[in-house]
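J.: Below: one structure in structure tokens.
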Amino acid sequence: MTVKEVVEKMGLTVFSGEKGLDKEVLGGYTSDLLSDVMGHAKEGQIWVSLQTHKNVMAVAGLKDLAAIVLVKGLKPEEDTIAVSNEEGVPVLGTTEQCFEFTGKLYALINN
Amino acid sequence: MELEYKVEGGDFTQAGYASSQVKKVLKQLGINPIVIKRVVVALYEAEVNIVAHAYRGVITAFLNEDGIRLVLDDEGPGIPDIDQAMVKGYSTASKEVREMGFGAGMGLPNIKDNADEFDIVSEVGKGTRLNIFIKYI
């Protein structure tokens, strides 16, 4: 499944990084601790978080993550959007909270 | 080949720059992706530690024949108790740094898990040197 298909099936907002929408989604990782994501997330995963600052892009880019989903209606900061567009790592958004969204994403990816 | 990057303490807008540059070079050189992944985790954590704790630092990456050596030298407060700093979950990061999702006490353990050799030399009031070696496979 591509990032674009996840966006369509889950009704997500695309804030930035559109050129990465065709990337393949290999799983998901939910965490707000950057070192946790750095140490344990895997290439191709969608990262679910409430961190909106630019450093999430550094982590996502270094780990070759498929996309970032900001929960609870949070919006990325401006410099986050700039890096997302440069690197082609999409920043997406949902109004749902972390628990619900992660559950639905898990079900979608594993079905 | 030798790569060198300067890191400013407290400047989180640039955190990860050196790691991302080193990653690009390793990719261009066709280094095994598993090795690159290990280098990226170890180097990013070490780079963020300079930003979060030190005043300034220099990162040098030596691309040797058998692997990559990363040397991170900083001017900063130093680490009074290295054994304690290595304990998972122990952190001296500020509230602001923690709110960004850093400072969870996972950085040094992450480095150790991804390095074939890792040592820390630190002098309180002067600075810290990290020496990391990751073998090619």
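J.: How would B:His53, A:His40, A:His53 rank on accessible area, largest to smallest, probe 1.4 Å? The partial results should precede the final answer.
T.: On the way: B:His53 70, A:His40 90, A:His53 15 Å².
The ordering from most to least exposed comes out as A:His40, B:His53, A:His53.
J.: Now, a different point. How about the stretch B:1-82: which chymotrypsin sites (Phe, Trp or Tyr not before Pro) there lie in a loop by DSSP and see at most 15 other Cβ atoms within 10 Å? Before the final figure, lay out the partial values.
T.: Values: sites: B:Tyr5, B:Phe12, B:Tyr17, B:Tyr44, B:Tyr55, B:Phe62; in loops: B:Phe12, B:Tyr55.
Filter output for the stretch B:1-82: B:Tyr55.
J.: In the stretch B:2-135, carbon and sulfur make up what percent of the accessible area (probe 1.4 Å)?
T.: Working: 3260 of 6580 Å².
The C+S portion of the solvent-accessible surface of the stretch B:2-135 is 50 percent.
J.: In percent, how large is the relative contact order of the stretch A:3-109, given Cα pairs closer than 8 Å and 6 or more residues apart? Please report the intermediate quantities before stating the final value.
T.: Working: 225 pairs, mean separation 34.9, N = 107.
Result for the stretch A:3-109 is 33 percent.
J.: Suppose the Debye formula is applied to equal point scatterers at every Cα of chain A; what is log10 I(q)/I(0) at q = 0.12, 0.13, 0.19 Å⁻¹?
T.: So the normalised log intensities work out to -0.31, -0.37, -0.86.
J.: May I pose another question? Give the lysines whose C-alpha is closer than 18 Å to that of B:Lys126, dropping any in the same chain fewer than 8 places away, or say none.
T.: Leaving aside lysines fewer than 8 places away in the same chain, those within reach of B:Lys126 are B:Lys6.
J.: If you project the alpha carbons of chain B onto their three principal axes, what span does each projection cover, largest first, in Å?
T.: 40, 29, 26
J.: A further question follows. Among bridges DSSP assigns within the stretch A:3-109, what percent are antiparallel (round to 5)?
T.: Numbers: 3 of 14 bridges.
Around 20 percent antiparallel, to the nearest 5.
J.: Restricting to the protein assembly as shown, compute how many DSSP beta bridges are antiparallel as a %, nearest 5. Don't skip to the end; give the middle numbers.
T.: Values: 35 of 46 bridges.
Of all bridge pairs located within the protein assembly as shown, approximately 75 percent are antiparallel.
J.: Next question, about the same structure. Just need log10 I(q)/I(0) for the protein assembly as shown at q = 0.09, 0.11, 0.16 Å⁻¹, Debye formula, equal scatterers on the alpha-carbon atoms, no solvent, rounded to two decimals.
T.: For the requested q values the scattering log ratios are -0.38, -0.57, -1.13.
J.: Please arrange B:Phe118, A:Phe99, B:Phe133 by accessible surface area, largest first, computed with a 1.4 Å probe and ligands excluded.
T.: A:Phe99, B:Phe118, B:Phe133
J.: Moving on to the next point. Roughly how large is the A-B contact in terms of buried accessible area, totalled over both chains, probe 1.4 Å, nearest 100 Å²? Each step should come with its number before you reach the end.
T.: On the way: alone 5770 and 7690 Å², together 11880 Å².
Answer for the A-B pair: about 1600 Å² buried.
J.: Shifting gears a bit: How much accessible area per residue does the stretch A:21-101 have, in Å², with a 1.4 Å probe?
T.: Values: 3180 Å² over 81 residues.
For the stretch A:21-101, the solvent-accessible area averages 39 Å² per residue.
J.: Output the residues of the stretch B:1-36 meeting this criterion: accessible area (heavy atoms, 1.4 Å probe) in the chain alone minus accessible area with all protein chains in place is 30 Å² or greater.
T.: At a threshold of 30 Å² (probe 1.4 Å), the residues of the stretch B:1-36 that become less exposed are B:Thr13, B:Lys23.
J.: Testing the spin-label approximation: label points 7 Å from Cα along Cα→Cβ at A:Lys19 and B:Glu4. State their distance in nm.
T.: Going by the 7 Å Cα→Cβ label model, 3.3 nm.
J.: So how much accessible area does B:Ile50 have, in Å² to the nearest 10, using a 1.4 Å probe?
T.: Here the accessible area works out near 10 Å².
J.: Just to be sure I understand the interface: list residues from the stretch B:92-111 that lose 30 Å² or more of accessible area between the chain on its own and the complete protein assembly, 1.4 Å probe.
T.: Those residues are B:Met100, B:Gly101, B:Phe102, B:Met106, B:Asn110.
J.: Using a 1.4 Å probe, what is the accessible area per residue for chain B, in Å²? Walk me through the intermediate numbers first.
T.: Details: 6900 Å² over 137 residues.
I get 50 Å² per residue for this part.
J.: Moving on to the next point. In this model, which of A:Lys104/B:Lys112; B:Lys24/B:Lys135; A:Lys9/B:Lys24; A:Lys23/B:Lys95 are farther than 29 Å apart at the alpha-carbon?
T.: Numbers: A:Lys104/B:Lys112 35 Å; B:Lys24/B:Lys135 18 Å; A:Lys9/B:Lys24 34 Å; A:Lys23/B:Lys95 36 Å.
Going by Cα-Cα distance, A:Lys104/B:Lys112; A:Lys9/B:Lys24; A:Lys23/B:Lys95 fall outside the 29 Å limit.
J.: Take the solvent-accessible surface of the protein heavy atoms, probe 1.4 Å, and return the percent of it on chain A that carbon and sulfur atoms account for. Write out the running numbers ahead of the final one.
T.: On the way: 2560 of 4980 Å².
Roughly 51 percent of what the probe reaches on chain A is carbon or sulfur.
J.: Leaving ligands, DNA and RNA out of it, rank B:Glu96, A:Glu78 by accessible area with a 1.4 Å probe, largest first. Intermediate values should be presented prior to the final figure.
T.: Numbers: B:Glu96 120, A:Glu78 160 Å².
Ranked list, largest accessible area first: A:Glu78, B:Glu96.
The values are calculated or read from the model by the stated rules, or taken from the named source; none is laboratory data. None of the values given here were measured: they were computed from a predicted structure. Every residue, glycine among them, receives a Cβ derived from its backbone with ideal geometry; neighbour counts consider all protein chains shown. The area values use the complete protein model at the heavy-atom level, side chains included, leaving out ligands, DNA and RNA. Shrake-Rupley method; radii C 1.70, N 1.55, O 1.52, S 1.80 Å.
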